[in-house]
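The values are calculated or read from the model by the stated rules, or taken from the named source; none is laboratory data. Quick caveat, the model's predicted, so the values are computed rather than measured. All Cβ positions, even for glycine, are placed from backbone atoms using ideal geometry, and neighbour counts span all protein chains on display.
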Protein chains: 2
Amino acid sequence: MIAAQYKEMLGAKSVIRTLSEKAAARAKVIGYENVFDYSLGNPSVPAPQGFTDTLLSLLRNKDPMELHGYSPTLGIHSVKEKIAASLRARFGIPYGPEHIFPTSAAAAALAHALRAVTVFGDEVLTFAPFFPEYHPYVDLTGAVLRVAPADTKSFQIDFGAAQKMIGEKTAAVLINTPNNPSGAVYSEQTLQKLAALLEKKSREYGHAIYLISDEPYREIVFDHQEQPYVSKYYADTLVCYSFSKSLSLPGERIGYLAVNPACTEAETIVNMCGQISRGIGHNCPSSLMQLAMAESLEMTVDFSIYEKNRNLLYDCLKETGLEVVKPGGTFYIFPKAPEEDAAAFCEKALDYDLVLVPGDSFGCPGYFRMAYCMDTEKVERSLPVLRKFMRETYGK
Amino acid sequence: MIAAQYKEMLGAKSVIRTLSEKAAARAKVIGYENVFDYSLGNPSVPAPQGFTDTLLSLLRNKDPMELHGYSPTLGIHSVKEKIAASLRARFGIPYGPEHIFPTSAAAAALAHALRAVTVFGDEVLTFAPFFPEYHPYVDLTGAVLRVAPADTKSFQIDFGAAQKMIGEKTAAVLINTPNNPSGAVYSEQTLQKLAALLEKKSREYGHAIYLISDEPYREIVFDHQEQPYVSKYYADTLVCYSFSKSLSLPGERIGYLAVNPACTEAETIVNMCGQISRGIGHNCPSSLMQLAMAESLEMTVDFSIYEKNRNLLYDCLKETGLEVVKPGGTFYIFPKAPEEDAAAFCEKALDYDLVLVPGDSFGCPGYFRMAYCMDTEKVERSLPVLRKFMRETYGK
């Protein structure tokens, strides 16, 4: 029986994809360099040469039987040890290899985390604005994603709303900081308040409410700041990490799940991931990539381009009078549209070859996202166009 | 809420794993070279140098942005084109890239195929002896695995049993040829009879019964024979392929799903796989591995060692008077134990440092599996031990 559940999903075309297609069609006419495509969150800085060198060295020097052999169900032990040691050193949490589960990037880490701590009908709460893929990620496990409205003043958390939405059925809260699409970096104060709320609600409902922390942008923080490490504030935290952005390896599908050692049933959760894997056909990420990643834990690409782009765009958007929160990290910015209907706004921007994404699918109507992972030269060329669009269309 | 479903699975220790642990403990005492560990189906021949060279060349010459960039949801188009062209040329079926979905090896191909063509409560029929992981693979989708008893004369299909077990709820039939654990290669006649049965039953129940063909051993066939290509015999066939065995890359998790172009809703099924991926966190195999695999489609490791090992073992087992079907391929052999309780037999063999796996978990009690993916030298050293065990224990 063809599974109607998935077949029906084919009808719903993603807004971002539709925009990309329009951008691609326009690029054929005027050249891609003249389409200011701010729609896609694809890293624009190449992977570090050091990472390539590590791969080359592994291929030249390691026995192919070891290099390409089966991973144990729970990941290559030496890899898990190195990840744990790196996290211990950086964040002071006593992770051991038994708390680490290598995954095919953050998507697979989330797939395991969600299955480990929810059952059919449970609720998972997230905060707008949020990555739209959280809907299939959560909803296809049998749990239900609920979305608390955004705190649009700072894109931290609207605790008034959050408090009301956590109930008996809330099994987990899913956060993403630094945040796609807002670029907000949750502050220490936000994380402390969130921890206090979850502790209170866990007691109230007599079961642990897990915090699933999706951290692919953890390293991309500007102004010499750092993302406070989420797991430090709340014991029942499952960190989902990916090297897609920090090492510009989105195609390699490499990351991990790190369960706080103080988490309720921490080691059981990791062991359960081995069982969940059997059901979803995961069976560990590429062994070559696991081994290369373990040698590259303190490496990142150069994020200065993203910071420079953020500065250019933020200043320009402010100048044109748009309401915008300055992103603390990522490669996204999420301004308020100058008219209520952000989709209409983005449609008008297309006439100027500016590809912007309306905030509706991020749970934040009236806002729009710009992904500025592109060459600075192109961002610079887009600024006069952005100004012209705002002037001619909105008199700003 | 910790998911009891997965937590409870932790209690059930696999027989193979328990045996491996015993073998490892014994190896610490007498050295691994003296433990005749026939328990694990791990390729023992290294990946071809040509594959390593392809990886090295990609890393040296390709732009890292392209090499490590996001795959499209349905896989890298050029990779899909090359797989389709290779299958067209080899098997004469008009695959196009739209029928190919690159996956993290056969496990992920099966995870997608099963979700695409079954819904909750549907039945999937397989034939004993079968790979025990089919239980979690199928059961964790919400469908139910049913197992038809073995045709122990030839390890082809017991069509009498099969016929009775296909009913209204049968959404798919899952086969594995060449077969783990029997080493049997389904003949053209078997595949023709299976196709006729499925066509008849599909008509009878008014819905397509899909054939999911798990083919990681497709290339490992001995005596200059070939595995008849399953998809040629039945239109509604989904092929799950892996390079784990043919290129000795089990850790790299690389393979594909190939949907017969004549299959009911063929392209829809492939597109649905993109949606299924979102729910299970798959998001394509490693981009580097996809690109390297596409350059290595006509490459395999040297299987002659497996064939040599098969010959040595088969002759020895016959000599000791055991009932055994000669495997046509793979690196497994599946003799009948000389006592009814194969687990007791395998326990006794352990005293001789022979690690054999009882057939019970393969759905075939009274038989045992030997995985002869090991150095021929070691197989040779094991033969007198095997003879001694049989003589001293069973007077053979």
### Task
Return only the number of the condition from (1) aliphatic (A, V, I, L, M); (2) within 8 Å of chain A (Cβ to nearest Cβ); (3) touching a residue at least 60 places away in the same chain (Cβ under 8 Å); (4) surrounded by fewer than 20 Cβ atoms within 10 Å (Cβ to Cβ) that B:VAL15 does not satisfy.
(2)
### Task
Evaluate the stretch A:249-257: report whether one residue or more is assigned to a helix (DSSP H, G or I) and either out of contact with any Gly (no Cβ under 8 Å at 6 or more places or on another chain) or of a type in the set (Gly, Ala, Ser) (or both).
yes
### Message
What's the total number of residues in the stretch A:23-42 that are within 12 Å of chain B (Cβ to nearest Cβ) and of a type in the set (Phe, Trp, Tyr)?
### Response
0
### Summary
Note on the stretch B:218-271: residues of a type in the set (A, V, I, L, M, F, W, C) and within 17 Å of B:ALA208 (Cα to Cα) are B:VAL230, B:ALA235, B:LEU238, B:VAL239, B:VAL259, B:ALA262, B:CYS263, B:ALA266, B:ILE269, B:VAL270
### Query
So, of the residues in the stretch B:118-145 that are touching a residue at least 24 places away in the same chain (Cβ under 8 Å) and among the charged types (D, E, K, R), which turns out to be farthest from the other protein chains (Cβ to nearest Cβ)?
B:GLU123
### Summary
All conditions in (1) touching a Gly at 6+ places or on another chain (Cβ under 9 Å); (2) assigned to a loop (DSSP other than H, G, I, E, B); (3) at pLDDT 95 or above; (4) not hydroxyl-bearing (Ser, Thr, Tyr) are true of B:CYS284 except (3)
### Query
Can you name the residue in the stretch A:258-281 that is outside any helix (DSSP H, G or I) and under 16 Å from A:TYR234 (Cβ atoms) and, of all such residues, is nearest to the other protein chains (Cβ to nearest Cβ)?
A:GLU265
#### Entry: Check on A:SER20, surrounded by fewer than 16 Cβ atoms within 10 Å (Cβ to Cβ) and either touching a helix residue (DSSP H, G or I) at 6+ places or on another chain (Cβ under 6 Å) or within 14 Å of another protein chain (Cβ to nearest Cβ) (or both)
no
### Query
For residues in the stretch A:88-117 being more than 12 Å from chain B (Cβ to nearest Cβ) and assigned to a helix (DSSP H, G or I), which is surrounded by the most Cβ atoms within 10 Å (Cβ to Cβ)?
A:HIS99
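Looking at the stretch A:153-170, which of its residues are touching a residue at least 40 places away in the same chain (Cβ under 8 Å) and either of a type in the set (A, V, I, L, M) or more than 27 Å from A:VAL324 (Cα to Cα) (or both)?
As a first pass, look at the stretch A:153-170 and keep what is touching a residue at least 40 places away in the same chain (Cβ under 8 Å): A:153-155, A:165-167, A:169-170.
Correct list: A:MET165, A:ILE166, A:GLY167, A:LYS169, A:THR170.
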### Message
I'd like to know if the stretch B:296-317 contains one or more residues that are more than 8 Å from every other protein chain (Cβ to nearest Cβ) and within 30 Å of A:SER242 (Cβ to Cβ).
### Response
yes
### Message
Consider the stretch B:198-216. How many of its residues are out of contact with any Asp or Glu (no Cβ under 6 Å at 6 or more places or on another chain) and of a type in the set (Ser, Thr, Tyr)?
### Response
2
### Message
If I go through the stretch B:219-238 residue by residue, how many of them are more than 14 Å from chain A (Cβ to nearest Cβ), buried (at least 24 other Cβ atoms within 10 Å of the Cβ) and in contact (Cβ under 8 Å) with a residue 40 or more places away in the chain?
### Response
4
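Yes or no, residue by residue, for (1) aromatic (Phe, Trp, Tyr); (2) closer than 30 Å to B:ARG381 by Cβ; (3) in contact (Cβ under 8 Å) with a residue 12 or more places away in the chain:
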residue: B:LEU10; (1), (2), (3): no, no, no
residue: B:ASP37; (1), (2), (3): no, yes, yes
residue: B:ALA47; (1), (2), (3): no, yes, yes
residue: B:LEU55; (1), (2), (3): no, no, yes
residue: B:GLY69; (1), (2), (3): no, no, yes
residue: B:GLU81; (1), (2), (3): no, no, yes
residue: B:PRO94; (1), (2), (3): no, no, yes
### Query
A:GLU377 fails exactly one of the following numbered conditions: (1) farther than 23 Å from A:PRO250 by Cβ; (2) more than 24 Å from the chain's Cα centre (by Cα); (3) of a type outside the set (A, V, I, L, M, F, W, C). What is the number of that condition?
(1)
### Task
Working only within the stretch A:262-286, note down all residues that are over 23 Å from the mean Cα position of the chain (by Cα) and crowded, with 24+ Cβ neighbours inside 10 Å.
A:MET272
### Task
Could you tell me whether A:ALA150 is more than 14 Å from every other protein chain (Cβ to nearest Cβ), touching a residue at least 40 places away in the same chain (Cβ under 8 Å) and of a type in the set (Gly, Ala, Ser)?
yes
### Message
What's the total number of residues in the stretch B:23-71 that are at pLDDT below 95, surrounded by fewer than 19 Cβ atoms within 10 Å (Cβ to Cβ) and closer than 25 Å to B:SER304 by Cβ?
### Response
4
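Check B:SER242, B:SER248 and return the single one that is facing chain A (nearest Cβ under 10 Å) and in contact with a Pro (Cβ under 8 Å, 6 or more places away or on another chain).
Step by step, each of B:SER242, B:SER248 is checked, and only B:SER248 is facing chain A (nearest Cβ under 10 Å) and in contact with a Pro (Cβ under 8 Å, 6 or more places away or on another chain).
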